[in-house]
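A.B. asks: After the structure tokens below, expect a handful of questions from me.
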């Protein structure tokens, strides 16, 4: 079994400075990112989300915006959590602190997210139909209703991270 710190065990997604977004595969063509001829782009709507996590409409679905700061982010399926790297000496140190962070978490209020299936994590400035090569992550979620909540945690003096948990509620 691979440990989180093993090379290639975790893929990180980066942002060019704005929020990351998690869009259902079926809604990818509807996400225009920073492009568009409307006064407010989809990227502008993502930037308008307050807190660690929020939802925006995309086509007939909703997408999850990972707000607060443009931290490198990955998804740990066995924990059902997006991990956002704020501060740590190494990937291993950060990922080894996830269980302690989950135990100490004080969560923002939970939101409900209806997910039609698999989703993609990527920089919200990019159009969904033109994902940035090698800077996106497919996350396999089963269709259903999920509770989404976020938190900022400092599990030790050298490590801080944002967690956004997604858990089935139906």
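A.B. asks: If you check 70, 155, which single one turns out to be modelled with pLDDT under 95 and assigned to a strand (DSSP E or B)?
C.D. replies: The match here is 155.
A.B. asks: Listed residues 94, 28, 66; which is over 11 Å from the mean Cα position of the chain (by Cα), closer than 20 Å to residue 153 by Cα and buried (at least 17 other Cβ atoms within 10 Å of the Cβ)?
C.D. replies: 94
A.B. asks: Since residue 115 meets every condition but one in (1) modelled with pLDDT of 95 or more; (2) surrounded by 19 or more Cβ atoms within 10 Å (Cβ to Cβ); (3) within 11 Å of the chain's Cα centre (by Cα), which condition does it not meet?
C.D. replies: (3)
A.B. asks: Test residue 130 against the criterion of being at pLDDT 95 or above and out of contact with any strand residue (DSSP E or B) (no Cβ under 7 Å at 6 or more places or on another chain), and give yes or no.
C.D. replies: no
A.B. asks: Would you point out the residue of segment 46-59, among those that are in a loop (DSSP other than H, G, I, E, B) and under 15 Å from residue 22 (Cα atoms), that is farthest from the chain's Cα centre (by Cα)?
C.D. replies: In this case the residue turns out to be 59.
A.B. asks: Which condition number in (1) in contact with a strand residue (DSSP E or B) (Cβ under 8 Å, 6 or more places away or on another chain); (2) outside any loop (DSSP other than H, G, I, E, B) is the one that residue 43 fails?
C.D. replies: Exception for residue 43: condition (1).
A.B. asks: Ok, one more. Which of (1) surrounded by fewer than 14 Cβ atoms within 10 Å (Cβ to Cβ); (2) modelled with pLDDT under 95 is the odd one out, the single condition residue 59 does not satisfy?
C.D. replies: Unmet condition: (1).
A.B. asks: OK, next. Among the residues of segment 73-101, which ones are under 23 Å from residue 143 (Cα atoms), touching a strand residue (DSSP E or B) at 6+ places or on another chain (Cβ under 7 Å) and assigned to a loop (DSSP other than H, G, I, E, B)?
C.D. replies: Answer for segment 73-101, where residues must be under 23 Å from residue 143 (Cα atoms), touching a strand residue (DSSP E or B) at 6+ places or on another chain (Cβ under 7 Å) and assigned to a loop (DSSP other than H, G, I, E, B): just 80.
The values are calculated or read from the model by the stated rules, or taken from the named source; none is laboratory data. It should be emphasised that the depicted structure is a prediction, and the values quoted were computed from it without experimental measurement. Neighbour counts run over all protein chains shown; Cβ positions are idealised from the backbone, glycine included.
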